[in-house]
Amino acid sequence: MTKHLPVALFALSLLAAPASAQDVQAGPLKIGHPWSRATPNGAKVAGGYLSVTNTGSEPDTLIGGSFDEAGKVEVHQMSMEGGVMKMAPVEGGLVIKPGETVTLKPGGYHLMFMDLKQQLKKGEIVKGTLSFAKAGAVPVSFTVEGIAAKEPGQGAMKMDHGSMEHGDGHKH
Ligand SMILES: [Cu+2]
């Protein structure tokens, strides 16, 4: 992959991304419905969710991103360990193989928005970027769903990500 191609695509995706959250194409990558969840007052972290489909012939890696309302963004994985939910940064980033769709969702892979600047409220749209090893920085807009949303636009989940113990998982 040459250097100038991602730049051209970056410009294209800027044109193709209006203020509302929607699917974004970045070269061979298709980004589906970026969303986040409303946070309780005073919360310092929130999760970011979306899907990435790789329609190309080479793997790419989601290594991080940015979120206008957060000081820092990490790629995290949540898993069960001895009956306890744990989360930790994904070492080296999240690889999306050719032909695969990787979904970041509550209870699994997610973006962790850290050092939140303010409370996220349902219905807000917050701009950010996704950083890929090859596709580069891809601008996206995250729709803030309800505090108990399990997937974009509907549902509720038993466990509230926002109130979970985030402390230990974030020590490096
Ligand atoms: Cu996390």
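Every number in this text was worked out from the coordinates using simple rules, so none of it is lab data. The structure presented is a predicted model; accordingly, all values stated were derived computationally and were not measured. Note: ideal-geometry Cβ built from the backbone for every residue, glycine included; neighbour counts use all protein chains shown.
Computed on the Cα atoms alone, the convex hull of the stretch 31-101 gives a volume of 122 cubic angstrom per residue. Other residues lying with their Cβ under 11 Å from the Cβ of GLY128 contribute a combined charge of -1, Lys and Arg counting +1, Asp and Glu -1. Shape class for the stretch 4-144: oblate, because the ratio a/c of the largest to smallest gyration tensor axis (alpha-carbon atoms, square roots of eigenvalues) is 1.5 or more and b/c is at least a/b.
Computed on the stretch 4-144, with alpha-carbon pairs under 8 angstrom and 6+ residues apart, the relative contact order is 32 percent.
Positive contributions from Lys and Arg (+1) and negative ones from Asp and Glu (-1), summed over other residues with Cβ under 11 Å from the Cβ of VAL144, come out at 0.
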